[in-house]
Structure formats: structure tokens, C-alpha cells
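Structure first, commentary second.
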Amino acid sequence: MAKYDLMSDKAECFINPQNIEDVLSHARKRSQDRALVSEILEKAKKMEGITASDAALLLLNRNPEITAEIFALAEQITDAYYGNRKVLFAPLYLSNYCVNHCTYCPYHAINRNIPRKKMTQEEIKAEVIALQDMGHKRLALEAGEDPFHNPLEYILESIDTIYGIHHQAGSIRRVNVNIAATTVENYKKLHDAKIGTYVLFQETYNKKEYERLHPKGPKSDYAYHTEAMDRAMKAGIEDVGIGVLFGLHNYAYEFVAILKHAKHLEWKYGAGPHTISVPRLQPASDINLADFKNGLPDDIFLKIVALLRIAVPYTGMIMSTRESEHIRRQALKIGISQISGGSKTTVGGYAAHDNTTSKTAQFELSDERTLDEVVNWLMTLGYVPSFCTACYGKGRQGVDFMSICKQKQIHNFCTPNALLTLAEYLSNYASDADGIHSTKYIGAQLIEAELQQLPETMRKVVRARMEEAIKGNVKFV
């Protein structure tokens, strides 16, 4: 049996089943020890992160007073690291052709109920223009794994197409990519294509369960999939995003494993994951949720979000429209820093190319509001919606980004840039209906209030750049 080793690039070492079970065994035995729990919380208040072992112990603690303290601390850490800004993005599904047989995904190869669709470059242009007309500047590309229909060359061509579209007030400034695990050489090609973050969800870190859920197809290779981020970072991709699909396996095991993965990346490559995503299993075509016995209730789910924020305070956290407005509202307070808005999980869903589009969804949405409605909602909650993509262009990635973030200084860049991109959005895309309740009106008031909170020198810089920003020529700080 392999030994636990965070510095190894072998999955069986940095995600070591025996080590995870040992952590959980300890947590089950000591989680109700009030003195030990209090000691861990005191360490957590330093806002420098805690170990997977300590985090697991807090997760399994059943005292509602402790849970309340966890939530309050997570809120403080979120504010200290990220302030009140929330980054917005949208997924863009290129193709739902897939050769894998994942039992939880409607794109699986033998699903005959879902129409297969791969967009042409002209259709991608129409999708991107529709997204730009909403106001989006940051996209996450999605595609099934199919070497014939979705080869890397198709993904690279699509990225080039997206970056090449200049429409009205601007263009897409950051393309993140969520595609299947691949080779170092292919990751180098993605890096050269100037992607933002490479994202890949583990689905489940439990090897036995993983192999049961992936009975056939290239994704069935657990080690190759789990070691993908190592290959990506070796290829020069500095920002990677990890996640699990909660509901496939025991949540406590997944929670410990994702923290182990994050620590492995940090120790071995100098920078932990740029983002952690927390999707939950949702209804979808040809998927029977009754077949899955690890559903995650809302209270435990939110506790996991809070503890992830406490354990890895420097890492961005993403929540998609899989979750309802109610859950997203609570999660934003305790850790989530990025959300999608106005999302479609269908191939061609934004421009609605044909009448089969609605049948190509990967999963059902729980939050179907428009981007403008989400922006308005965020501002009424006191958040600054951000369409900022500055760090990529300014070279604040990987180790450099993490060093700034760990010093709790990243908001010095993010807040001014968020205000500039919000001004850009308000001028070019926001609704002015409903008077004082309109997105434009609320946004203008918010920007002025936020400007007053900036140091005088920075306030002058942001004001001076506002005019160019509303024309789509944002000069980032």
C-alpha cells in the first residue's frame, strides 16, 4: 500500500485512502471535545488556514453554538480576504458529445434521450455576442470528452474565436476552460492559448466509488484524472480550479480529500488551487437521483462552504446556478467569491440556434434569473458585482497571486477594478427600468459610496479612469 506523501505527484500518495480514513476516525472520536474544538477555533481566528484534520473535526462537531461560531468566523475571513466584491461569470457549452459512461451525467455515451450538438465557430460567435450583450466578460468553456467531435484543436480554435470577437462595448477578457484531463503537451497548448484558469472537478476522490461511477471511457482512469492538475501546473498553467460533485460519495471523505489536494498543490508547486467549486448533484436527463444515496442537506452543505473558507482562506470559491437564490445568498456571506449569472447549461442556449437547444442541458438550474437581476440582487445585498479580469493581464497569477492574497492585500487591487468594471456594466448593459430600484440607479449610488471608502490617491485614479471604462476601455489597477 502506498504511503501518504503530499509532495508526491502520484494520486495514491497525496490522496491516500488510509490517511483520509485515519483523519476521519480521529475526527469522529474527538469532534465533541469542547476544549479541543475551542483550541482549533482559536487557531482558525488567525486567518491563516487550518489542517484537513482540524477542519474535519469541526465538520463533525454537532454543537449548534460551534456551528454558529464557524459561520461567523467564515464571514469575517471572507471579508478580510475579499471584501464585499463578488465576481461574475457564465458557462459556455461548446459540445455535449462524450465517449464516457459517467453514471451521474446526462452526457454519458449511451444516453439516447439527449440530442447531441457541437457548435460551429459561427454559432460560437453568436453565443459570445449574446453573452456580451448581457454584459459578461469572463466565460468558462465546457465540453464533453470526445476525441473525434471535441479534439483539443476544436477547443483551441474556439478559444481563438472567442478572444477575437470585439462587439460594441468590448470583448471577452478571460476564458477559463473546463475540459477533460489531458497530457502535459496539450496543457502547454492551452497555456499558449492564453486561457485563464484550468478547471477540472474530481467528481469523487474515493477510488473505488470513482471506478464504479465511471465504468467505461478514458475518464475511468482514476489516477490519470486525479493527477491532471499536476500535469497542468508542470505545463505552465499557474491557475487551476478543483472541485467535487457532492452527492456521489460520503461528504466528509470528499471534504478531507479536497483539502489534501489543495495542500498538495500548494506544497509542491508553491500555489494552491486558484478556485474550489462546490457543485451538488442535480436532476438531469436519464439520471435518477434515487440511485445516489449521499445527498447533502443544506445545513451540512453550507457548513462545508464555511469550513473550506476557514481552511483555505486564500482560495476563490465558486457556486453556480445549480443552487437556488436562497442558498447562494447564505453562501456568499460565508465564503463564496464567484457566482454565475444568467447561465445556460445547454449547447447553444444563449442565442437559441434551434428548437432542440433546451434538451441539451447538462443539469437543471435552480437560479434562472437574468444577469441583470443577479447584479441588482447582489448590490441590494451590499456586494460589489465585479467583471474584473485584471490579475491575468497584470501577471498576478499562481504564486504571485497567492502571496498577495495571503497578505490580505488582493482587495487593494480588486476593489478599484471591480468599481471600474461595474461602471462599464452599468453604462452599457444595465437596466434603467423601475426608477430608484433599477440596476443603473442602485449601481451609481453603490459606486459613489464605495469610492468614498478608498484612499484619496486611489479614489482619484479610479475617477480618472471611469470615463474610459464606460466605453469598454478599462484600464485596470
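What the table below lists for this structure:
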{"quantity": "Sequence of 317, 458 once ranked by neighbouring C-beta atoms within 10 Å, starting from the fewest", "calculated": "458, 317"}
{"quantity": "Computed FRET value (nearest 0.05) for residue 293 with residue 464, which takes r as the C-beta separation and R₀ as 60 Å", "calculated": "0.55"}
{"quantity": "Options 225, 273, 346, ranked by Cα towards positive dipole end of the chain, top entry (Cβ charges)", "calculated": "273"}
{"quantity": "Counted charge near residue 427, where neighbours are those whose Cβ lies closer than 12 Å (Asp, Glu -1; Lys, Arg +1)", "calculated": "-2"}
{"quantity": "Extension gain from residue 116 to residue 352, taking 0.36 nm per residue of separation minus the Cα-Cα distance", "calculated": "83.5 nm"}
{"quantity": "Potential extension, residue 43-residue 208 segment - 0.36 nm per residue separation minus Cα distance", "calculated": "56.0 nm"}
{"quantity": "At most 13 other Cβ within 10 Å, DSSP loop - trypsin sites (Lys or Arg not before Pro), region 166-256", "calculated": "194, 216"}
{"quantity": "Sites matching trypsin sites (Lys or Arg not before Pro) across region 238-304 that sit in DSSP coil, with at most 15 neighbouring C-beta atoms within 10 Å", "calculated": "293"}
{"quantity": "Residues whose placed amide H lies under 5 Å from that of residue 204, excluding near-sequence neighbours", "calculated": "245"}
{"quantity": "Linear extension gain, residue 79 paired with residue 445, 0.36 nm per residue minus alpha-carbon span", "calculated": "129.7 nm"}
{"quantity": "Chymotrypsin sites (Phe, Trp or Tyr not before Pro) within region 61-162, DSSP loop, no more than 15 other Cβ atoms inside 10 Å", "calculated": "148"}
{"quantity": "Interchain or long-range residues, amide H under 5 Å from residue 384's placed H", "calculated": "85, 86"}
{"quantity": "Length-normalised contact order of the chain in % [C-alpha pairs under 8 Å, at least 6 apart]", "calculated": "20 percent"}
{"quantity": "18 Å Cα-Cα threshold exceeded, pairs from 208/293; 406/460; 137/344; 194/268; 188/344; 207/260", "calculated": "406/460; 194/268; 188/344"}
{"quantity": "Derived scalar couplings ³J(HN,Hα) [region 243-256; Karplus, 6.51 cos²θ - 1.76 cosθ + 1.60; whole Hz; x for Gly, Pro]", "calculated": "x, 10, 9, 5, x, 8, 9, 3, 5, 5, 4, 4, 4, 5"}
{"quantity": "Share antiparallel - DSSP beta bridges, region 84-368, percent rounded to 5", "calculated": "15 percent"}
{"quantity": "Karplus-derived 3J(HN,Hα), 6.51/-1.76/1.60, for each residue of region 453-458, Hz, glycine and proline x", "calculated": "8, 7, x, 3, 4, 5"}
{"quantity": "Projected label distance in nm at residue 18 and residue 436, using a 7 Å step from Cα toward the beta-carbon", "calculated": "6.8 nm"}
{"quantity": "Residues of region 1-16 with amide N under 14 Å of the 7 Å Cα→Cβ point at residue 51", "calculated": "5-6"}
{"quantity": "In order through region 8-24: 3J(HN,Hα) via Karplus (6.51 cos²θ - 1.76 cosθ + 1.60), integer Hz, x for Gly, Pro", "calculated": "6, 9, 9, 4, 5, 9, 7, 10, 9, x, 5, 4, 5, 5, 5, 4, 5"}
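Bear in mind these aren't lab numbers, they're just calculated from the coordinates by the rules spelled out. Please read all numbers here as calculations on a predicted model, not as lab measurements. No Cβ is skipped: glycine too gets one built from the backbone with ideal geometry, and neighbour counts run over all protein chains shown.
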